[in-house]
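K.L.:
One structure, as structure tokens, below. Some questions next.
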Amino acid sequence: MDQEIMHELERRLGRLHARQRLGIEQDHEAQIFGQGLNFFHVENWYSVHSVIRTALKLAGLYERGRRNAERLVVRRNEVRCRNLPPAFDGFTLLHLSDLHVDMNEGAMRRLVELAAGLRYDLCVLTGDYRGKTFGPFAATLDGLARLRAELAAPVYAVLGNHDTIQMVPGLEAIGIRTLLNECVTIARGEQRIHLAGIDDAHYFRVDNIEKAAAEIPDGEFSILLSHTPEIYRQAAHAGFDLLLSGHTHGGQICLPGSIPITLDAVLPRRMGSGAWQYREMSGYTSVGAGSCIVAVRLNCPPEITLHCLRRG
């Protein structure tokens, strides 16, 4: 453990929180069975990754899937809400998720190109920046720094199940503010909205929605960033108006018609990708810009999303 990183984490989170978070991470790092919201974690079973790759090659799908993984698309989503302040009508968020920066250089180059030409008011990242779930992360931070240079400020992020808390000082040093069960207020004149973010809820289970929402006045418009959409019930009942997430990759390798074989998440399939609604809360699950396990995509193109907030 780098002592400088440890010192920065203790300064950022407090000594107890930093050591507790690191301890939980070290106890369960790269565990295949148990821990988290689901019992089996295929992303941690590294011996099976080559089996999947070989099976795709034998089926004649690998090269096509590899090319698909670099063909990012820009999606647009309109979110309507009655309590959105008038000053924020048309406010646009660029949503990036599941970059897995060090897994596919071609996809990252395309992402940088696309991001440089977009117009938006705020950028949010919903986790999984590293390819593996353990090990070095310097290459990930280098790739994120190249992307950050093309992003308009401000940029906010949360961590995913592939990310270590040790990345936080590096993320914030390049201008990516990481929300760890925290909330910030975005103001336009005298009107405001609230942006909250929780720590990983899928694998390490270190999320705390109550803490993140504690300072949001009742009835004011609020957005929650979570790596996984699996906490949709808690988010809705906490009064959030919009939940932005990722994690599922939309299945990544899907049957024709974008039907996912698996989502690696405990939630209704209709929430596995794209826009959805639960009670009074709107939600959006990004299929991600990168790829996990194997850098291929079939019937599920990678995406970045522009969310436009509208009153009504």
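K.L.:
Scanning the range 174-229 for residues that are of a type in the set (G, A, S), within 14 Å of the chain's Cα centre (by Cα) and in a loop (DSSP other than H, G, I, E, B), which turns out farthest from C123 (Cα to Cα)? Explain how you work it out, then say what you get.
P.N.:
At the first step, the residues of the range 174-229 found to be of a type in the set (G, A, S) are 175, 187, 189, 196-197, 201, 212-214, 219, 222, 226.
Adding the requirement that they be within 14 Å of the chain's Cα centre (by Cα) leaves 196-197, 201, 226.
With the extra rule that they be in a loop (DSSP other than H, G, I, E, B), the set shrinks to 201, 226.
Details: A201: 21, S226: 14 Å.
So the residue we want is A201.
K.L.:
Checking L255 against (1) over 21 Å from R21 (Cα atoms); (2) crowded, with 20+ Cβ neighbours inside 10 Å, only one condition comes out false. Which one?
P.N.:
(2)
K.L.:
Which residue is nearest to S245 (Cα to Cα), if the candidates are limited to the range 65-89 and must be in a loop (DSSP other than H, G, I, E, B) and of a type outside the set (G, A, S)?
P.N.:
My answer is L72.
A quick yes/no check of all residues on (1) within 27 Å of F88 (Cα to Cα); (2) at pLDDT 95 or above; (3) acidic (D, E):
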{"residue": "A149", "(1), (2), (3)": "yes, yes, no"}
{"residue": "A153", "(1), (2), (3)": "yes, no, no"}
{"residue": "L159", "(1), (2), (3)": "yes, yes, no"}
{"residue": "D163", "(1), (2), (3)": "no, yes, yes"}
{"residue": "R177", "(1), (2), (3)": "yes, yes, no"}
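K.L.:
If you don't mind, there's one more thing I want to ask. In this structure, is R205 within 19 Å of C81 (Cβ to Cβ) and in contact (Cβ under 8 Å) with a residue 60 or more places away in the chain?
P.N.:
On the way: within 19 Å of C81 (Cβ to Cβ): no; in contact (Cβ under 8 Å) with a residue 60 or more places away in the chain: yes.
Judged against the criteria, R205 is not a match.
K.L.:
I would also like to ask the following. When you check D128 against the structure, is it touching a His at 6+ places or on another chain (Cβ under 9 Å) and acidic (D, E), yes or no?
P.N.:
yes
K.L.:
Turning to a different aspect of this structure: For the range 23-41: of the residues being assigned to a helix (DSSP H, G or I) and surrounded by 15 or more Cβ atoms within 10 Å (Cβ to Cβ), which is modelled with the lowest pLDDT?
P.N.:
Among those that are assigned to a helix (DSSP H, G or I) and surrounded by 15 or more Cβ atoms within 10 Å (Cβ to Cβ), it is H28.
K.L.:
Moving on to the next point. In the list I176, I186, which residue meets the criterion of being crowded, with 19+ Cβ neighbours inside 10 Å and either touching a Leu at 6+ places or on another chain (Cβ under 6 Å) or of a type in the set (V, I, T) (or both)?
P.N.:
Among I176, I186, only I176 is crowded, with 19+ Cβ neighbours inside 10 Å and either touching a Leu at 6+ places or on another chain (Cβ under 6 Å) or of a type in the set (V, I, T) (or both).
K.L.:
Still on this structure, I have one more. Is it true that some residue in the range 82-92 is touching a His at 6+ places or on another chain (Cβ under 8 Å) and either surrounded by fewer than 22 Cβ atoms within 10 Å (Cβ to Cβ) or free of Cβ contacts under 8 Å to residues at least 24 places away in the same chain (or both)? Explain how you work it out, then say what you get.
P.N.:
So the first thing to find is which residues in the range 82-92 are touching a His at 6+ places or on another chain (Cβ under 8 Å), and the list is 92.
If we keep only those that are either surrounded by fewer than 22 Cβ atoms within 10 Å (Cβ to Cβ) or free of Cβ contacts under 8 Å to residues at least 24 places away in the same chain (or both) too, we end up with 92.
The answer is yes; a qualifying residue exists.
K.L.:
Given (1) assigned to a loop (DSSP other than H, G, I, E, B); (2) within 16 Å of the chain's Cα centre (by Cα); (3) at negative phi, identify the lone condition not met by L111.
P.N.:
(1)
K.L.:
Looking at (1) among the polar types (S, T, N, Q); (2) modelled with pLDDT under 90; (3) loosely packed, with under 15 Cβ neighbours inside 10 Å; (4) closer than 18 Å to I165 by Cα, which is the one condition that is false for Q20?
P.N.:
(2)
K.L.:
Based on what the data block shows, is T126 closer than 20 Å to A69 by Cα, in contact with a Lys or Arg (Cβ under 7 Å, 6 or more places away or on another chain), among the hydroxyl-bearing types (S, T, Y) and buried (at least 24 other Cβ atoms within 10 Å of the Cβ)?
P.N.:
No; evaluated as a whole, the condition is false for this residue.
K.L.:
Can you find a residue that is in contact (Cβ under 8 Å) with a residue 12 or more places away in the chain and over 18 Å from E150 (Cα atoms) anywhere in the range 106-120?
P.N.:
no
The values are calculated or read from the model by the stated rules, or taken from the named source; none is laboratory data. Keep in mind the model is a prediction, meaning the values are calculated, not measured. With ideal geometry, Cβ positions are generated from the backbone for all residues, glycine too; neighbour counts draw on all protein chains shown.
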